[in-house]
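Take a look at the structure set out below.
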Amino acid sequence: MLKITHLKAAIEGKEILKGIDLEIKPGEIHAIMGPNGSGKSTLSQVLAGNENYEVTGGSVEFLGEDLLEKDATERALDGIFLAFQYPVEIPGISNEEFLRQAVNAQRRHRGESELDAFDFAGLAKDKIDLLQLKNDLLERSLNVGFSGGEKKRNEIFQMAMLEPKLAVLDETDSGLDIDALRVVAEGVNSLRDSGRSFLVITHYQRLLEYIVPDHVHVLSAGRIVKSGGKELALELEEKGYTWLGGAAGDLATIGKEAS
Amino acid sequence: MSPFDTLQTLITAGDLTVPGKPGEPAGNLKLRQEALDSFRRQGFNLNGREDWKYGNIKPLVQGRFNPLAKGHEEQGDLARLLPFTENHRLVFVNGVFDASLSALGDLPEGVRLTPLAAGGETDLGRLARVEHNPVTALNTAFWQDGLLLETAEDARLDRPVELFFLVDEGGNRTMVSPRNLVVAGARSRLTIIERYLAPFTESANTAALVAPVTEITCGEDAQVQHVKVFREGRGTLHYGSTHVRQQAGSRYASHEIALGGHSLRRELHVDLDGAGATCDLKALYLADGDQHMDLRTRVNHNVPGCQTDELYKGILDGRARAVFDGLIKVARDAQQTEAFQTNRNLVLSDDAVCYSIPRLEIYADDVKCSHGSTTGQMDEEQLFFLRARGFDDRTARTMLTMAFAREIIATVTDENLAAFLADETEERLLAMARQDFHTRNGES
Amino acid sequence: MSDEKQMLEELSSREYKWGFVTDIEQDTVPPGLNEDVIRFISAKKKEPEWLLEWRLKAFRHWQTLTEPAWQKVEYPAVDYQAISYYSAPKEKPQKKSLDEVDPELLETYEKLGIPLSEQKRLANVAVDAVFDSVSVATTHQKRLEEMGVIFMPISEAVQKHPELVRKYLGKVVPYTDNFYAALNSAVFTDGSFVYIPQGLKCPIELSTYFRINAANTGQFERTLIVADDDSYVSYLEGCTAPQRDENQLHAAVVELYCHDDASIKYSTVQNWYPGDKDGKGGIFNFVTKRALCAGRRSKASWTQVETGSAITWKYPSCVLKGDDSVGEFYSVALTNNAQQADTGTKMVHLGRNTRSTIVSKGISAGRSDQTYRGLVKVGKKAAGARNFTQCDSMLLGDRCGAHTFPYIEQGNPTAMVEHEATTTRIGDDQIFLCNQRGISTEDAVSMIVNGFCREVFQELPMEFAVEASKLLSVSLEGSVG
């Protein structure tokens, strides 16, 4: 589904990703772990097509097509979803309006008919219940006045509505209490199927107890320094990033202390 | 001109030369003459001008003031007006420096503090432009004396420089023109307190026009606190201005506390010329009786990344008129500007009128700017709450009014001055409340 | 250049859709203004002597005035002697039904989306179409007559209801009010007259559609709406003009008069030709609109969506004279390219417990400059008066200007006046979020701007709200990139 080859990227002239190789097959869940500043969020932003990040080398293939030559909108329409680490607020736009536009943009792209307000409301209701969100969610302005947890759950709600092919969750667990974390995880798990893949970016192993990954990669200083199965996450939790030594170790103590 | 003519007559008085002081540098003399010529071109042609909307123009035009104020002959009892503090003190009576009342004190290294008239060649007039401002033009032509304060890089003045501008009977029918120049070097820190007193013009049949101009340059990362207290008597007109230029990283904090005068107009012009400069502008004006108070601010965000925080509060009683006119202008490309402007007015009487013009002029898109203005009476719920706790109506009202004023006074960092202002404000408010009480009882 | 930018560039060169010219024979007086021209207009309209006298008085007063200069707009001087003050399509003097209206004209309005013919007309909107200086058709006449509503061109009302016109004309906006009002009083050619009888809540919307067609003519229409005791009417005004390189002057006057318990809701979607991308051509829109809430508990509500004109100078106002009367002003103003607008309102509180609300949403894009200028004045006797003002500006791009100049004059201690203003823009992060969810940049901008304006659009009648929202999207094209 997704094939990243020697990907390098920079922001404001500073190289953050220094050659990433990663392949995700349909139905797989990959987790990327790593200390702060290792490039985790940069990777998610680059995949989603944020133009503030400059790709300086390598290639990314998504569903057999060159991803990097597409803009953010086209990538979204092709089925890439990014759950933002810091969800953006837009005053004056209700969740409903926003999502209906987004859902219908997807449907148009796929050559399907647009949903009217009633169909949309029915679809939304199910997902709202699933994620245990408040019923007034749809009327409220997008993320305005939302608590940290509500914002994160709203990202998952959007993901559920848009049914992407590849979902990139950028530290969706940060700032969530254990109950909220469980709800988010259930939302993700309910969307698991053989055609849909996930890239879960996290600092802590905690989330991976609920969303069990097929593969775990450790990112450090812009490179994947170790890959393994789900047991790698536990090992990391136990020993801290220092265990990996070298570049990862230098940055990693912070991660250990915080967890 | 005859000493008792209106200032307008300067315009038609044939060729005029401004008399310089003995030994005055040629540059200053030239500036005086240019300013006089400028005044003679513009006159008091202020009607219909946006920056004088709701302003009190008549007393300027019709009042008879001799611009050549000459100081005072006897000291009289002036010393009793001066508080006992350890501040660096300069006292000016009717515009003229009085060495015997002043106490410059010990100065740290790198600080130059002297009366301006003794200061030789300076950068006077760089910030206070005389065009389009007849009062500034008159001041620049006729200034008598004032403060010259220069601080070297990193210099620190721990004690405030406190200026007293007094007008006594000798200043009757004169235009007193103090002129201050402050140049704060990079990373230096200083506090200036300007205090205006004219106890001898309490009654309306004596009159003086006090027209000060202050110029302040804040060097990189300099910190300047500037407190101005206007406590002139009810016969005095006060039309003055402050002009500030701030370089990168500097901070300018201004307090304007207006308590006295018959008609008072203050202009505060700030140019934010270096990235990261911040200014914090606060004012409290208390007007009652027939007072007219007119406070104007102009802040120009000329470069990116500067901040303005402005809070002007007014309390109006009697037949008073008060104007707040604040303009924050964000120049093209002055991105990441943060500017907040608030004006709040408490109107206590049926006959007081309050004008509020908070203005934003914005030419850059990545900015955080807002302004707000409220005018109204006391919060009835708060009043009820206090009364329910056993305070009588008058006490409750005074408490709430005082609380309204305290928000400004509490931010004056000089403790002595803050305490003085709190007392002074409270006294004024109690007097207002008494009057109010009598009026109310009289009516019912 | 990025693709996005390129796309936006292309869009911005799209043309003003309403810019076509109707080829029709016109009666036009030669340019110039003097008492003879005024007599000519008055004679052409077969006006009574008192009206001619009033026009002449206004003209003489106008000659003593100079154009206002305090507004924050810049434009070349208007040569009032180079304008033609009367232009009308040549046609039969009296039209009995729409069948007699020139088919060219019917077609023009069809093109503008305003069907006038009996078969196609809007079911619940009565339309008075004003083409250059004269009213060409009014729909739903019969139904309105049955209800006692008078809705006709003001020139016709002068003939049929002279007593009413004479009683109210110039009572809300006297000819001495300002330069443009004086000019309009002297030379106004047509416009709508509405009278709603006592106790009637007018069930259909009344609408006037203004169209400037002829070159070198000014448009000086005059609208007068009177709502008698306990009545209600909703009135809509729309306008367009052909695309021409020269500037054209539009100096209208609208007067609303509300008696006790009466309520008038006046909505405008103003879409005069704004000039081209470089600021060439476009309408100078210098309009005086005022409501007098003379009666107790009366209410006047202005809603405006301003997207057109090269220069806008417009302050729909409410004089709240009757106790407990209410004034409202809801405005969306959008300026793009080289447009300049100085617009806002005046709320004058004279009566006790009068209330006013101002919600102004300004959107500046391109190199445009926009100023909100509003006066809230509380008179000495306006005990208990309340005003709340919310002014929000949105800047799209870093070459435009957005300014907020409120004037508050508070003369009663029991009154409460509150003003708030904010400035925002559309953040890159917001656009990126929308893109990431599959919404194109253009749709995202349109959606966010519409959200920004929601409070105002809610005040518009349904058909108008949809229209306004579309118009906004079209006017915004090419403004973000």
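Computed from the coordinates by the stated procedures, all read-outs in this text should not be read as laboratory data. Please read all numbers here as calculations on a predicted model, not as lab measurements. Here the Cβ is made from the backbone with ideal geometry for all residues, glycine too, and neighbour counts use every protein chain on show.
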- Hits in the range A:184-214: amide N under 12 Å from the 7 Å Cα→Cβ extension of A:Lys165, namely A:195-197
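Please order B:Arg296, C:Arg437 by the number of other Cβ within 10 Å, starting at the fewest. Provide the component values of the computation, followed by the final result.
Numbers: B:Arg296 19, C:Arg437 26.
Lowest to highest Cβ neighbour count: B:Arg296, C:Arg437.
Which number comes out as Rg/Rh for the protein assembly as shown once both Rg and the Kirkwood Rh are worked out on C-alpha atoms? The partial results should precede the final answer.
Values: Rg = 34.9 Å, Rh = 34.2 Å.
When Rh is taken as the Kirkwood radius, the ratio is 1.02.
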- Message: Quick check: the angle from helix A:246-258's long axis to the longest principal axis of chain A, C-alpha only, nearest 10 degrees?
- Response: 50 degrees
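Where in chain B are the helices, taken as whole DSSP H runs, whose Cα atoms extend 18 angstrom or more along the long axis and whose Kyte-Doolittle mean reaches at least -0.5? Intermediate values should be presented prior to the final figure.
Numbers: long enough: B:26-42 (24 Å, -1.08); B:393-409 (24 Å, 0.13); B:415-443 (41 Å, -0.75).
Span-like helices here: B:393-409.
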- Query: What distance in nm separates the simple spin-label points at C:His161 and B:Asp333, each placed 7 Å from Cα in the Cβ direction?
  - Reply: 5.9 nm
- Taking amide hydrogens as modeled 1.01 Å from N in the peptide plane, which residues meet the under 5 Å criterion relative to B:Val96, leaving out close sequence neighbours? B:Gly71
- Positive dipole terminus of the range B:270-323, leading residue within B:Ala283, B:Asn302, B:Ile315 (C-beta point charges): B:Ile315
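For the range C:324-392, what does the alpha-carbon gyration tensor say about shape, rounded, prolate or oblate, given a ≥ b ≥ c as the root eigenvalues, a/c under 1.5 as rounded, and a/b over b/c as prolate? Could the numbers behind the result be given before it?
Values: a/c = 4.31, a/b = 3.06, b/c = 1.41.
Prolate.
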- Task: With label points built 7 Å along Cα→Cβ from the Cα atoms of C:Arg143 and A:Glu139, find their separation and express it in nm.
- Result: 3.3 nm
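Given B:Lys368/C:Lys361; A:Lys25/A:Lys151; A:Lys125/C:Lys265; A:Lys152/C:Lys361, which pairs have Cα atoms separated by over 27 Å?
On the way: B:Lys368/C:Lys361 16 Å; A:Lys25/A:Lys151 29 Å; A:Lys125/C:Lys265 38 Å; A:Lys152/C:Lys361 31 Å.
Checking Cα-Cα distances, A:Lys25/A:Lys151; A:Lys125/C:Lys265; A:Lys152/C:Lys361 exceed 27 Å.
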- Of C:Asn337, C:Gly366, C:His349, whose Cα points farthest to the positive end of the dipole of the range C:335-410 (charges on the beta-carbon: +1 Lys, Arg; -1 Asp, Glu; origin at the Cα centre)? C:His349
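Calculated FRET efficiency, A:Asn36 and A:Asp214, Cβ-Cβ r, R0 25 Å, to nearest 0.05? Provide the component values of the computation, followed by the final result.
Numbers: r = 25 Å, r/R0 = 1.00.
According to the calculation, E is roughly 0.50.
Given +1 on the Cβ of Lys and Arg, -1 on the Cβ of Asp and Glu, and no further charges, what dipole in debye does chain A carry about its Cα centre, rounded to the nearest 20?
380 debye
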- Query: Could you list, bin by bin from short to long, the percent of Cα-Cα pairs of the range C:390-481 in 5 Å steps?
  - Reply: 3, 11, 18, 18, 18, 13, 8, 5, 4, 2, 1
- Quote the FRET efficiency, to the nearest 0.05, computed for B:Val61 versus B:Leu29 with a Förster distance R0 of 22 Å and r equal to the Cβ-Cβ distance. 0.20
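Any idea what the dipole of the protein assembly as shown comes to, in debye rounded to 20, about its Cα centre with Lys/Arg Cβ at +1 and Asp/Glu Cβ at -1? Walk me through the intermediate numbers first.
Working: 130 positive and 172 negative charges, 516 e Å.
Dipole about the Cα centre, nearest 20: 2480 debye.
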- Query: If you take the square roots of the eigenvalues of the alpha-carbon gyration tensor of chain B and sort them as a ≥ b ≥ c, do you get rounded (a/c under 1.5), prolate (a/b over b/c) or oblate?
  - Reply: rounded
- Item | Rounded to whole Hz, the Karplus (6.51, -1.76, 1.60) HN-Hα couplings of the range A:139-151, x for glycine and proline | 7, 6, 4, 4, 6, 6, x, 7, 6, x, x, 4, 4
- Where in the range B:340-370 does the amide nitrogen come within less than 19 Å of the point 7 Å from the Cα of B:Asp309, taken along Cα to Cβ? B:340-344, B:367-370
- Message: Quick check: from the Cα gyration tensor, does the range A:124-215 come out rounded (a/c under 1.5), prolate or oblate?
- Response: oblate
- Message: Per DSSP helix of 4 or more residues, -39500 (n - 2.57); summed, then divided by the residues of chain A. What does that give at 222 nm, rounded to the nearest 500?
- Response: -11500 deg cm²/dmol
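Cut-off is 10 Å between beta-carbons; in what order do A:Ile178, C:Ile408, C:Ile41 appear when sorted fewest neighbours first?
Numbers: A:Ile178 9, C:Ile408 25, C:Ile41 22.
Ordered from fewest to most neighbouring Cβ atoms within 10 Å, A:Ile178, C:Ile408, C:Ile41 come out as A:Ile178, C:Ile41, C:Ile408.
Percent of Cα-Cα pairs more than 33 Å apart in chain A, please. Present the calculation step by step, with values, prior to reporting the outcome.
Values: 6005 of 33411 pairs.
Counting pairs separated by more than 33 Å, the tail of P(r) holds 18 percent.
How long are the semi-axes of the equivalent ellipsoid of the range C:411-464, taking √(5λ) for every eigenvalue λ of the Cα gyration tensor, in whole Å from largest down?
Values: eigenvalues 227, 62, 8 Å².
After diagonalising the Cα gyration tensor, the semi-axes are 34, 18, 6 Å.
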- Query: Counting only DSSP beta bridges with both residues in the protein assembly as shown, what percent are antiparallel, rounded to the nearest 5?
  - Reply: 15 percent
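With charges only on Cβ, +1 for K and R and -1 for D and E, what is the dipole size of the range B:353-430 about its Cα centre, in debye, rounded to 20?
Using Cβ point charges on Lys, Arg, Asp and Glu, the range B:353-430 gives about 260 debye.
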- Message: Which residue fluctuates most in the GNM of chain B (Cα springs below 10 Å): B:Phe142, B:Phe391, B:Phe165?
- Response: B:Phe391
- Message: With bins 5 Å wide starting at 0, give me the P(r) of the range B:305-432 over every alpha carbon pair, in whole percents.
- Response: 2, 9, 16, 16, 17, 15, 11, 7, 4, 2, 1, 0
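Return the loop-located GluC sites (Glu not before Pro) in the range A:40-81 (DSSP other than H, G, I, E, B) with at most 12 other Cβ atoms within 10 Å of their own Cβ; answer none if there are none. List each step's numbers first, then the result.
Working: sites: A:Glu51, A:Glu54, A:Glu61, A:Glu65, A:Glu69, A:Glu74; in loops: A:Glu51, A:Glu69.
Hits after loop and neighbour filter: A:Glu69.
What area, in nm² and to one decimal, does the C-alpha convex hull of the range C:215-373 cast on average over all directions? Kindly include the intermediate steps, with their values, before the conclusion.
Working: hull surface 32.3 nm².
Taking the Cα atoms of the range C:215-373, their convex hull projects to 8.1 nm² on average.
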- Scoring only Lys, Arg, Asp and Glu (+1, +1, -1, -1) among other residues with Cβ under 10 Å from the Cβ of B:Phe230 yields +1
- What's the FRET efficiency of B:Asn45 with B:Leu16 using the Cβ-Cβ distance as r and R₀ = 22 Å, to the nearest 0.05? 0.75
- Query: Ranking B:Tyr239, C:Tyr168 by Cβ neighbours within 10 Å, fewest first, what do you get?
  - Reply: C:Tyr168, B:Tyr239
